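Derivation of every value follows stated rules applied to the coordinates shown; laboratory data play no part. Only a predicted model underlies this, so the values are computations on that prediction, with no experimental measurement involved. Glycine gets a Cβ as well: all are built from the backbone with ideal geometry, and neighbour counts include every protein chain shown.
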Amino acid sequence: MEVSNKIIPPHLNAEVYRTDTTGTSTLSYLDYIRIHPDGTVLIGCSELTGRYWNGGVNIFKNGPSGDNFIKEAKKNINLTSGTADGCFIENSNKVFLCEDSGAVSIWTTNDDAWKQWNEELSVAEHDDAVLAVECLSPGKEYITAGGDGNVKVWDVNELLCIRNYHSAHTMAVNTVSVRTKSQKNFATGSLDQYISLWDENISKPVCDVIKNDCGIRCLRWIDEYRLLFGDEAGWISLVDIRKPGVSVKLVEFPAAVHQIVIQSGSSRVAVCCDNKTVNVYEIPEDTNIRNIYKNGSMHKGFVRGIAWDLHDNNILYTVGWDGELIKHCISE
């Protein structure tokens, strides 16, 4: 090792650091993908390398293609912190973004030549990263869940918190899902091992659906009564809210389950874990789960986001920490 004889006077240290450009380059770790019915694609990313831990969002009017499209594309929205989730607000020129700083923000664009996105509203009321968002009433009310254990309902027209379920859980709330055919009931899952059922008009949970034996990472409603959830131990399980406290383990994975996405109008569910593999299962009424697709070679990093194509039932999109958007063709 060479000995450096360069001596920097103490009062110049700050200046040297400020002008140093080494280590400022970052990689985009893609965290989620949402698809609007008109075909617009929303992809959120966090940049967790380099000197600054920032984030951003890409929004494409048509599905992007090409292996390095995402890596080379200039971000439509730049954020000063990472983003774990986001969604469209009714039409595709307005988005709701969750930020690791505890803020939520609404961004809009006009259909002009520049396609410039502008921050319309932003507030920071979570005391930790905002981890999930779901629509309670389209264009009106949206739910966020945070690492602070709080769950909030927002009026997105004014971006006002109209309901705050303070200390909804004792640990980070990773996931929230609105009950099928309802605009008042929703379920939350947390690292405190509980899944809770909530009513918009009641400040306390209607009931604790189940206490799992490890933290809950994700959940989704299959129908009006049944919930599918994934946990840190790598299990996907099923629970019926009419029989709280009783769950049925369906399938085990070699890593914690990160996300499950159910295809609208069918019994297919796509699953990604803390690894590179994408799985698709068929869940019939008798809960004899059947694997119909598995691929662990297309992504080079952990898979983080999943979205079903809204026009072709056999197309699935995934994004991951390798910065790639992958298209999967599902055939039984």
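Figures for the structure shown
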| item | result |
| --- | --- |
| For residue 85, distant residues with modelled amide H under 5 Å away | 98 |
| The range 172-180 - phi-based ³J(HN,Hα) in whole Hz, Karplus 6.51/-1.76/1.60, Gly and Pro as x | 4, 9, 7, 8, 9, 9, 7, 4, 4 |
| Globularity ratio of the range 241-332, using Cα Rg and 2.2 N^0.38 Å | 1.11 |
| Cα centroid separation - the range 125-162 against the range 281-317, whole Å | 28 Å |
| Neighbour-count ranking [beta-carbon atoms within 10 angstrom, fewest first] of 267, 105, 81, 203 | 203, 267, 81, 105 |
| Amide H contacts of residue 146 (H built 1.01 Å from N, under 5 Å, at least 5 apart or other chain) | 131, 173 |
| Where trypsin sites (Lys or Arg not before Pro) in DSSP loops with at most 11 other Cβ within 10 Å are excluded, longest remaining stretch of the chain | 75-180 |
| Cβ-based exposure ranking for 241, 216, in which fewest neighbours within 10 Å come first | 241, 216 |
| Ellipsoid semi-axes in whole angstrom, largest first, where each is sqrt(5λ) of the Cα gyration tensor of the chain | 34, 24, 22 |
